[in-house]
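One structure is given below, encoded as structure tokens.
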Amino acid sequence: MDFIIVPLIIAFLFGIAMGGSGIAPSFSTVFGAEFLNQKYIPWLFGIFVFLGALISGQNTTNTIANEIISSKYLNTLIISIILFSVFISILIADIFGIPQSTSQSTVFSLVAASVYFHDFRESFVLVEILPTWFIAPFISFIMTFLLGKFIYKPLRKTGITISAKVNNHFFTKGFLLLMALYVSYSIGSNNVANAAGPVNSIITEKLHLNGNNSFTMLLSIIIISPGFGIGSALFSKKILKNTGKEIYLFGRFEALIIAFVSGTILLLISIFKGIPTSLVQLNVAAILGIGVAKLGIKNIFKKTQVNKFFLMWIISPIISFSLTILLLTILN
């Protein structure tokens, strides 16, 4: 058996772990609003992730494959180490039921390899990627906060609340499902690249092709995408509960706002910049924004689950970075 099988298996397992984490920002709004039977969620999620990766995911795949570390350092063994390190960090988050940024863990692992081989590309990582990670969630928070203020402040003054009739309206339910599918598509456009990018490097190395070859990128996406559906089926229950119920008990109208804002920001970043970005953090920022607008900053940040999210978001990339460095050192 050729050694290429090992990193492909790890990449597929990584796709499963990403599916477990990625289900939260796409369908937590639907789950939290108690709209759709949970058994249908993994199927819908997997299909639209695949479509997003297939149609809009090539820019981000190219970034992961070629922009963070030179391809000359990425043989099958090195790629196996990178993928394994990220897989472990994301799996730990999935086990704890905390949705994690697969993009950040992947980039940290690639950066660890680039540092180890003295190929760290400061200009791209520090100027392009890092600012996006901070600015995008901030925009997500501000947008939903302002929308929440625009909706809830006038309503509170008049003593009016969004009625059950609005939340249960046929169009509200339909748009809620459409937004969940839209967010799943956005995930496919960005997060599939975290595993498809390294797989693309493996295939191009073995076939001696150009790193930007469309065929290899397409093949990489096809190999990885099914893992997202499997992962969402395995890990969805606990993660959906944590994000959909324990952060903020939002209604269907608010869920539409959350999904639209976070999904749109990620899709635009994927199409125009090709920068691996955390939809989990965009989604949680959007939930916090509308939650603060309605309940106030003290009440929403007292939620214990939010503190757990922040802690895991710091720990997981560190695990990915450290494990990559450790394994490369042992290999050497």
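Label-to-label distance, Ile330 versus Ile55, with points set 7 angstrom from Cα along the beta-carbon direction: 4.3 nm. Per the Debye calculation on region 58-139 with a single equal scatterer at every Cα and no solvent contribution, log₁₀ I(q)/I(0) for q = 0.11, 0.17, 0.26 Å⁻¹ amounts to -0.32, -0.74, -1.33. Once the Cβ-Cβ distance of Ile297 and Leu268 is raised to the sixth power relative to R0 = 25 Å, the FRET efficiency obtained is 0.35. Model label sites at Lys173 and Ser70, defined 7 Å from Cα along the beta-carbon direction, differ in position by 5.9 nm.
Annotation: extensible slack from Ile4 through Ile222 equals 76.8 nm (criterion: 0.36 nm per residue apart, minus Cα-Cα distance).
No lab work stands behind these numbers, since they all come straight from the coordinates. Keep in mind that this is a model prediction, so the values were computed, not measured. With ideal geometry, Cβ positions are generated from the backbone for all residues, glycine too; neighbour counts draw on all protein chains shown.
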